[in-house]
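Read through the structure below, which is laid out as structure tokens, and then see the notes.
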Ligand code: PEP
């Protein structure tokens with residue numbers, strides 16, 4: 001049985017004061033009771049990881065953890081601006097997002113680079129959250145499954161059965177930050193297609209991998225999305241900035 005996992009991606013938002021308010025409010029809300037068997041995490045910007053790590057450790061909820069928004073594919077050395085997986089591990093990161101569409105588009109990240117980043121994370125005991133998804137044009141031209149299959153295929157080639165220790169986030173680009181959420185049926189169809197593709201490689205890997213949905217998830221659409229058999233939780237952008245909305249999604 002795969003656990004339901006909800007991960008907040010704050011992107012380039014936050015401040016020392018607002019992060020503290022958010023974590024205190026979310027921890028307080030979670031202490032009042034959360035559905036059993038779920039896992040939650042928040043991914044702040046890199047400069048705030050140490051602060052958020054300390055605050056999350058202080059509230060000591062076994063099901064609430066920290067994630068990062070990116071990781072270097074390199075171990076260490078002359079890579080100005082990069083952050084290594086061992087540094088993230090020292091800060092107690094349990095997850096790291098790799099291949100978010102914003103990084104694919106604005107930083108020209110390739111599937112090969114994304115797989116290298118995922119490997120670094122795995123080598124340091126951090127769960128990579130590998131993002132895939134098609135653009136509006138790709139969906140409209142009937143190529144959504146083909147595009148996502150090719151993104152997943154590269155991960156299978158590099159990561160092989162280590163994919164069992166990864167999370168995949170299906171995030172259709174046309175739904176990210178637009179308010180246009182994919183219908184639960186459309187998302188389920190893609191999640192199913194991803195799982196079937198993984199099963200072509202290894203049935204065990206396919207049944208273990210958590211596949212999260214991301215793209216304009218809000219408290220009012222989370223229930224329907226999370227009820228789908230192949231949707232194992234969500235990667236939440238905009239709505240994760242509000243502690244109330246994040247809590248409501250975690251409870252969905
Ligand atoms: C995201 O950026 O990963 C995301 C899902 O954003 P939003 O929820 O704002 O669409």
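The values are calculated or read from the model by the stated rules, or taken from the named source; none is laboratory data. Everything numeric here is computed off the predicted structure, so don't read it as measured data. All Cβ positions, even for glycine, are placed from backbone atoms using ideal geometry, and neighbour counts span all protein chains on display.
Within the set of pairs 6 or more residues apart or between chains, which connect a residue that is farther than 22 Å from residue 172 by Cα inside the range 237-248 to a residue that is within 11 Å of the ligand (Cβ to nearest atom) and in a helix (DSSP H, G or I) with Cβ atoms less than 9 Å apart?
Hits for this filter: 248/222; 248/239.
Exactly one condition in (1) within 21 Å of residue 172 (Cα to Cα); (2) part of a loop (DSSP other than H, G, I, E, B) is not met by residue 79; state its number.
The one condition residue 79 does not meet is (1).
Just the residues that are outside any helix (DSSP H, G or I), at negative phi and either in contact with a helix residue (DSSP H, G or I) (Cβ under 7 Å, 6 or more places away or on another chain) or touching a residue at least 24 places away in the same chain (Cβ under 8 Å) (or both), please, taken from the range 84-109.
84, 91, 93, 94, 95, 96, 97, 98, 100, 109
When residue 251 is evaluated against the numbered criteria (1) in contact with a helix residue (DSSP H, G or I) (Cβ under 7 Å, 6 or more places away or on another chain); (2) away from the ligand (no atom under 16 Å from the Cβ), which criterion, by number, is the only one it fails?
Every condition holds for residue 251 apart from (1).
Give just the number: which of (1) in a helix (DSSP H, G or I); (2) within 16 Å of the ligand (Cβ to nearest atom) does residue 67 not satisfy?
Condition not satisfied by residue 67: (1).
Checking the conditions here, which among 105, 160, 197, 120 is touching a strand residue (DSSP E or B) at 6+ places or on another chain (Cβ under 9 Å) and either modelled with pLDDT under 95 or away from the ligand (no atom under 16 Å from the Cβ) (or both)? Quick ask: steps written out before the conclusion?
Working: 105 fails: touching a strand residue (DSSP E or B) at 6+ places or on another chain (Cβ under 9 Å); 160 fails: touching a strand residue (DSSP E or B) at 6+ places or on another chain (Cβ under 9 Å); 197 fails: touching a strand residue (DSSP E or B) at 6+ places or on another chain (Cβ under 9 Å).
That would be 120, the only listed residue that is touching a strand residue (DSSP E or B) at 6+ places or on another chain (Cβ under 9 Å) and either modelled with pLDDT under 95 or away from the ligand (no atom under 16 Å from the Cβ) (or both).
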